[in-house]
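Where a number appears in this text, it was derived from the coordinates with a stated rule and is not lab data. Quick caveat, the model's predicted, so the values are computed rather than measured. Ideal geometry is used to build each Cβ from the backbone, glycine not excepted, and the neighbour counts take in all protein chains shown.
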């Protein structure tokens, strides 16, 4: 095995309580662009195919375990005694592992797998014991270098001198370190600092004192080092992720009319020559085909749109919706958990919920499926070529056979056979002179 093929273990620190988030939810489970924070560093680590993947959590982190399932092994840090203590807790789970240990953080979602690969290449090339990832932007930890420019130590801002506070190179906290040396370095840590914690950063100065070789690799994009500790930082990280998503989509042939006001989750897929207009939100496991037009202010959640669909403006696809080729869904139409066949049209003010709609059917303005009876949801089946008139109610469970029709204003409670017209409304009665009688002044009844 050569230097570039050294075994890799990854330890992700996720035990922080996140008190500045002011939330009952664990900080690392707050979402950006459709994924919890912790899923981002975890995904970057998985891209490296590590031999071991450990996540250090706090004692009350059952929700984190449930969210990750079997993607990683868990280690508990009983008390918040610092990052050095967290890694110490993880080390016994690695047993007699020999290779490199990569240390990441559950609240840094912007770090790219490509950057981590470059970090591994740096360590292999220099054959150093420790390589740290630094940022051109100042961070809570500052990288102090000696007169020759070599890394000397990392100092936390709470312990830094005025001269050290002026340093611009920040410590991201991401380290790639030889496992055997890491064990020795962690054993030397003490809590003689302003926070009374075991600082993982102290392994850098220990390595220098032991004349071990230490290297640093500086990020080109300081956004990658952004940590999330507040709601404002959560929003900033989310905006950065969405910018990446939209840039990738545009590079693949998708038109984003206004990237600043378009919100697409990281797991959404969009085909070429699709146009997404301003104010649109695409969430979850949404799949959009080619040549689709999504007009302004549409919300699409975990739905599938096949090729040549037109939707909006201001339409809403709730989870489980599937729009076949050439479907047209217009102004203020809501579709939920329904399949619309090719060429279906619902141009305005309709609700289609829990329905299976055949090819070429159409819904007039205000037509709805009545899918809930206060106890359970029921499905509506609309055949191919069916015409549903304006303000019609289809009370599920009900089936409309192919090429049937529903007259405007009709409430359908029974199945409609093929080629039939369903009409269920009171015969119109005109009350002559009603307007004049209503506007006639009332007589004073006196006392």
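Overview of results
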read-out	value
Ranked list, fewest to most other Cβ atoms within 10 Å of each Cβ, for 321, 302, 213	213, 302, 321
Burial order of peptide ranges 6-12, 266-272 (average beta-carbon count within 10 Å, highest first)	6-12, 266-272
Packing rank of 422-428, 277-283, where each peptide gets the mean count of other beta carbons within 10 Å, highest leading	277-283, 422-428
The chain - percent relative contact order, Cα under 8 Å, separation 6 or more	9
Structure-based [θ]222 nm, the chain - -39500 (n - 2.57) summed over DSSP H runs of at least 4, per residue, nearest 500	-5500 deg cm²/dmol
Projected area, mean over directions - region 3-225, Cα convex hull, nm²	12.0
Between region 176-241 and region 348-379, the Cα center-to-center distance that results, in Å	55
Residue-span extension gain [residue 157 to residue 425] - 0.36 nm each, minus C-alpha spacing	88.9 nm
Over region 241-422: Kirkwood hydrodynamic radius from C-alpha pairwise inverse distances, Å	16.3
C-alpha long axis of helix 231-251 to longest principal axis of the chain, angle in °	70
Antiparallel DSSP beta bridges within the chain, as percent of all bridges there, nearest 5	20
Gaussian network model of the chain, springs between alpha carbon atoms under 10 Å - residue of 419, 223, 146 with greatest fluctuation	146
Debye-sum result for region 349-414 in log10 I(q)/I(0), which assumes one identical scatterer on each alpha carbon, at q = 0.12 Å⁻¹	-0.23
Which of 123, 22, 345 has the fewest Cβ neighbours within 10 Å, and the rest in rising order	22, 345, 123
Neighbour-count ranking [beta-carbon atoms within 10 angstrom, fewest first] of 374, 434	374, 434
Per-bin percent of Cα-Cα distances, the chain [20 Å]	22, 37, 25, 13, 4, 0
Whole-number percent relative contact order across region 328-447, with pairs defined as alpha carbons under 8 Å at least 6 apart	15
Translational D in µm²/s for region 260-340 (Stokes-Einstein at 25 °C, 0.890 mPa s, Kirkwood Rh from C-alpha pairs)	208
Relative contact order computed over region 3-225 (Cα-Cα under 8 Å; 6+ residues apart), in percent	24
Inter-probe distance in nm under a simple model that places probes 7 Å from Cα toward Cβ, at residue 395 and residue 67	4.5
